[in-house]
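The values are calculated or read from the model by the stated rules, or taken from the named source; none is laboratory data. Just so it is clear, the model here is predicted, and its values are computed rather than measured. All Cβ positions, even for glycine, are placed from backbone atoms using ideal geometry, and neighbour counts span all protein chains on display. Side chains included, ligands, DNA and RNA excluded: accessible areas come from the protein's heavy atoms. Shrake-Rupley method; radii C 1.70, N 1.55, O 1.52, S 1.80 Å.
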Amino acid sequence: MFSDYNMILNSGLLFLLLFIAGFIGVKVKVPNVIIYILLGIVVGGLFTDLKLLHVMGEIGIILLFFY
């Protein structure tokens, strides 16, 4: 049960980082795709939960396809 809350907290943190990085990318005029890829590389080294990385990787692919 605790791991579910931890996964939700980490997912929220990841989306917050995504929003902040996207906002900074708009100000610097860098395409969002590049920001998403760089953030994925950075976050991949920070989180060690393989289930969370798998889910966030799938969400990242969806964001890259449809944005």
* Structure fact -> Helix-only [θ] at 222 nm, the chain, -39500 (n - 2.57) per DSSP H run of 4+, per residue, nearest 500, equals -30000 deg cm²/dmol
* So, with a 1.4 angstrom probe, what is the percent of accessible area on the chain that is carbon and sulfur? -> 77
* Counting other Cβ atoms within 10 Å, keep those with at most 16, restrict to DSSP loop, and tell me which trypsin sites (Lys or Arg not before Pro) in the range 1-65 are left. => 29
* Once Cα extents along the principal axes in Å is worked out from the coordinates, which option in [x] 42, 28, 16; [y] 52, 14, 12; [z] 41, 20, 20 does it equal? -> [z]
